[in-house]
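The values are calculated or read from the model by the stated rules, or taken from the named source; none is laboratory data. What you see is a predicted model, and the numbers here were worked out from it, not measured in a lab. When we count neighbours, we look across all protein chains shown, and the Cβ atoms used for this are built from the backbone with ideal geometry, even at glycine. Quick note on the areas: whole protein, heavy atoms, side chains included, nothing else; ligands and nucleic acids left out. Shrake-Rupley method; radii C 1.70, N 1.55, O 1.52, S 1.80 Å.
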Amino acid sequence: MTATRVLVLNTGSSSVKYQLLDMTDRSRLAVGLVERIGEESGRIRHTLISGPQGRERIRETTGPVPDHRAALEAVAEELARDGLGLDSPELAAVGHRVVHGGKRFTEPTLIDTTVVNEIERLSPVAPLHNPANLIGIRTAQKLRPDLPHVAVFDTAFHSTIPEAAARYAIDVETADRHRVRRYGFHGTSHSYVSRAAAKLVGKDPAEANVIVLHLGNGASASAVRGGRCVETSMGLTPLEGLVMGTRSGDLDPAVVFHLMRVGGMTADEIDVLLNKRSGLVGLCGDNDMREIRRRVDEGDEAAKLAFDVYVHRLRKYIGAYYAVLGRVDVVAFTAGVGENSAPVRAAALEGLEGLGLAVDEHLNARPADGPRLISPPHLSVAVAVVPTDEELEIAAETYELVTGARRRR
Ligand code: ADP
């Protein structure tokens, strides 16, 4: 029997997301989420996908999930109950999402002790993510030590950005000593969506120029020239760039000194402020774009301000990346807000016909169902909505690495 299945694990600080895929037809067999690890009551939601229309059977369990080991054991148990256990000979590999790969990891990488140590060494630049990713790797390795485990890095797709875009204009020696440079994140999504958007407009990804706007709770933009990323909005950490659900995005770094000196805040307090209490939540108390739009429609001033700040920043990045690329074939919206919020897409491109950019009102208003164009046909730049699929991308990269298959995506 050939092993064709890949388990994708995305281990966060208090949750584990997982998907089991069969790479013969890239179908999903099971997906799930373990939440509230370490809290009094955890929750496991497991969905078995079967049948011709991908019919779903959902199981939900609550109970304490004391740590990540218990979480991964619960995942293994849920899969086993559906006959998809980790001991199956059909399982070819485990693909792990790893947030920060630094300068070293520019490709999916087979995990050994050296790789684990290096991911650990990068933890100071990704303190919220890499330690959790590592726990996932170590625990899964204990459960199936004989299987190949592959790390797929969020930063990898951005490793091609030129030095002019990667460098902050600060003292080079200080920057290098502390690994301070722009790395970028959400790379798996930018890679997948930029390729899918190029194909949607009938172009070879190797010849297309694409601006990808990944607008989820975290948000980032990228400029992709001929399949290679040349600029992206997140930096040393995911804090830089666009306005996000709870993160500020760009701000004058002197705001930090000001809050320390005048506001009497500590570095940790400012860290929490900028990462958790800023962005849409900081501006209006909500980070869900659906709720914000509902409030805007009711005339709520704070929600309107939040929406306007969000869209203004987005427009600035679209303009900037247009200039970086010189010629743009397609602008692609993706992730929760990008895929679902017609008002954000319309406002972000309003009045840009002069740049060959616009959305067609009717196409834009249609509900999402797969990749689609939303621009009027006569304009020079296509605008697309492309649902992202990071798990499929991680599974595909993992499977390619372990089977030595040639890239044909
Ligand atoms: P994450 O970064 O957590 O992966 P997602 O890509 O799932 O985030 O995006 C989550 C966000 O998408 C929500 O916070 C919400 O603002 C937005 N969103 C989801 N569905 C809709 C919708 N139908 N309309 C507008 N915004 C939506």
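Give the number of residues within the range 194-208 that are more than 23 Å from residue 341 (Cβ to Cβ), open to solvent by 10 Å² or more (accessible area, probe 1.4 Å) and not charged (D, E, K, R). Number satisfying all stated conditions: 3. Would you confirm, using the coordinates I've provided, whether residue 123 is out of contact with any His (no Cβ under 7 Å at 6 or more places or on another chain), surrounded by 14 or more Cβ atoms within 10 Å (Cβ to Cβ) and free of Cβ contacts under 8 Å to residues at least 24 places away in the same chain? Yes. Do you know which residues across the range 131-147 are open to solvent by less than 40 Å² (accessible area, probe 1.4 Å) and either touching a Pro at 6+ places or on another chain (Cβ under 9 Å) or in a loop (DSSP other than H, G, I, E, B) (or both)? Residues satisfying the conditions are 144, 147. Count of the range 85-110 residues, restricted to those that are part of a loop (DSSP other than H, G, I, E, B) and surrounded by fewer than 20 Cβ atoms within 10 Å (Cβ to Cβ), is 11. Number of residues in the range 61-83 that are touching a residue at least 24 places away in the same chain (Cβ under 8 Å), open to solvent by 20 Å² or more (accessible area, probe 1.4 Å) and assigned to a loop (DSSP other than H, G, I, E, B): the value is 4. Search the range 321-338 for residues being within 16 Å of the ligand (Cβ to nearest atom) and buried (at least 19 other Cβ atoms within 10 Å of the Cβ), and hand back the single one that is nearest to residue 297 (Cα to Cα). Looking at the filtered set, the residue picked out is 337.
Evaluation of residue 272 against the conditions (1) open to solvent by 40 Å² or more (accessible area, probe 1.4 Å); (2) under 19 Å from residue 216 (Cα atoms); (3) of a type in the set (Val, Ile, Thr) shows that the sole unmet condition is (2). A single entry from 113, 139 fulfils the requirement of being without any contact (Cβ under 8 Å) to a residue 12 or more places away in the chain and farther than 25 Å from residue 193 by Cβ: 113. Contact annotation: residue pairs with Cβ atoms under 7 Å, 6 or more positions apart or on different chains, pairing a residue in the range 213-231 that is within 11 Å of residue 247 (Cβ to Cβ) and open to solvent by less than 20 Å² (accessible area, probe 1.4 Å) with a partner that is within 16 Å of the ligand (Cβ to nearest atom) and of a type in the set (Phe, Trp, Tyr), are 220/185.
Take the range 371-386 and flag every residue that is more than 22 Å from residue 313 (Cα to Cα) and either modelled with pLDDT under 95 or assigned to a loop (DSSP other than H, G, I, E, B) (or both). If the condition is that a residue be more than 22 Å from residue 313 (Cα to Cα) and either modelled with pLDDT under 95 or assigned to a loop (DSSP other than H, G, I, E, B) (or both), then 371, 376, 377, 378, 379, 380 are the ones that fit.
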